Amino acid sequence: MEGNEIMKYEKERKQLVSYAKLMFDRKLTNTAGGNISIRVGENEFLMTPTLMSQRFHCELKPNQILLLDQNENVIEGDGKVTREVNMHMACYQENPDIKCVLHAHAPKSLFFAVNLDEMPNLTEASQKLGRIIRLAYAPSTSPELAETVRKQIKEDMSIPKAYLLSHHGVLITNSNLEKAFDMLERLEWNAEIAYKHMVFQKLGIPMKSEM
């Protein structure tokens, strides 16, 4: 883009830049990946570019946020589309109430994505997420993973939702970016509590966890 060219959705782009950096700085994702998208029109979407973590460490500029159409074509922005765009679009196509899709490699949640079929949902702050299940394994960026996500979204149309991507990371869907990031934080805190809760159970330490 030219230096003096006016970008569409500049406010939303700046917000995406801010939250991508915050996600990286708070160690909710790593250099191996992570991406965020938001719906800004009926058939327009803003999305972080490929290699946002590995190459840029989430130090992005607004012009690097890509404006895409429903067919994943870049309308505006400097950079290339991540191959995980198919997973994001599957969410938007199946549930029109989804306005933000956030994918991260949050370490405490990833423990459950590697080891268990479900993360116990124990904290009051995370109850809106309902069951936190692990989806069947499919390689990252693959059409198989996008279709696995599509099927799950179609079966459960509620938001907010958080899914464990087997051996990969987490996927959050919500009505806007601020709320999606909020749920990512809540999920990661719940993961830490759930892990310690399971250790206490294994050790036979008496607990009172009723809500």
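Per-structure values
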| item | result |
| --- | --- |
| Residue that is farthest from Leu177 (Cα to Cα) [pool: residues in the range 99-112 that are aliphatic (A, V, I, L, M) and crowded, with 24+ Cβ neighbours inside 10 Å] | Ala106 |
| Unique match (being free of Cβ contacts under 8 Å to residues at least 60 places away in the same chain, over 25 Å from Asn95 (Cα atoms) and either surrounded by 21 or more Cβ atoms within 10 Å (Cβ to Cβ) or of a type outside the set (A, V, I, L, M) (or both)) among Lys11, Lys21 | Lys21 |
| Residues located in the range 31-51, provided they are among the aliphatic types (A, V, I, L, M), modelled with pLDDT of 95 or more and under 16 Å from Ala106 (Cβ atoms) | Ile36 |
| Any hit, the range 190-205, residues being at pLDDT 95 or above, within 20 Å of Ile36 (Cβ to Cβ) and not in a helix (DSSP H, G or I) | no |
| Test set (1) touching a strand residue (DSSP E or B) at 6+ places or on another chain (Cβ under 9 Å); (2) surrounded by 14 or more Cβ atoms within 10 Å (Cβ to Cβ); (3) closer than 24 Å to Phe24 by Cα - Ile193 fails condition number | (1) |
| Selection count where residues are on the phi > 0 side of the Ramachandran plot and in contact with an Asp or Glu (Cβ under 6 Å, 6 or more places away or on another chain), scope the range 51-84 | 0 |
| Residue tally, condition surrounded by 10 or more Cβ atoms within 10 Å (Cβ to Cβ) and free of Cβ contacts under 8 Å to residues at least 40 places away in the same chain, over the range 200-211 | 2 |
| Residues of the range 80-130 classified as in a loop (DSSP other than H, G, I, E, B) and either in contact with a Phe, Trp or Tyr (Cβ under 6 Å, 6 or more places away or on another chain) or under 25 Å from Ile65 (Cα atoms) (or both), total | 12 |
| Selection from the range 124-165 of residues that are among the polar types (S, T, N, Q), touching a Lys or Arg at 6+ places or on another chain (Cβ under 7 Å) and more than 21 Å from Leu51 (Cα to Cα) | Ser126 |
| Residue that is nearest to the chain's Cα centre (by Cα) [pool: residues in the range 1-30 that are at pLDDT 95 or above and among the polar types (S, T, N, Q)] | Thr29 |
| The range 142-169 residues that are farther than 21 Å from Ala191 by Cα, paired with ones that are assigned to a loop (DSSP other than H, G, I, E, B) and among the hydroxyl-bearing types (Ser, Thr, Tyr) (beta carbon under 6 Å, 6 or more apart) | none |
| Residue list for the range 148-171, filter: assigned to a helix (DSSP H, G or I), of a type outside the set (S, T, N, Q) and either in contact with a Cys (Cβ under 7 Å, 6 or more places away or on another chain) or crowded, with 16+ Cβ neighbours inside 10 Å (or both) | Val149, Arg150, Ile153 |
| Meets criteria (touching a His at 6+ places or on another chain (Cβ under 8 Å), of a type in the set (A, V, I, L, M) and under 24 Å from Leu22 (Cβ atoms)) for Met52 | no |
| Segments classed as strands (runs of 3 or more DSSP E), wholly inside the range 1-73, with at least 2 members that are touching a Cys at 6+ places or on another chain (Cβ under 9 Å) and hydrophobic (A, V, I, L, M, F, W, C) | 35-41 |
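Residues are listed down the side, and each one gets a yes or a no for (1) among the polar types (S, T, N, Q); (2) under 14 Å from the mean Cα position of the chain (by Cα):
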{"site": "His103", "(1), (2)": "no, yes"}
{"site": "Phe112", "(1), (2)": "no, no"}
{"site": "Thr123", "(1), (2)": "yes, no"}
{"site": "Gln127", "(1), (2)": "yes, no"}
{"site": "Ser142", "(1), (2)": "yes, no"}
{"site": "Tyr163", "(1), (2)": "no, yes"}
{"site": "Leu171", "(1), (2)": "no, yes"}
{"site": "Arg186", "(1), (2)": "no, yes"}
{"site": "Phe200", "(1), (2)": "no, no"}
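The values are calculated or read from the model by the stated rules, or taken from the named source; none is laboratory data. All values derive from a computational prediction rather than experimental measurement. Neighbour counts are summed over all protein chains in view; Cβ atoms, including those assigned to glycine, are modelled from backbone coordinates with ideal geometry.
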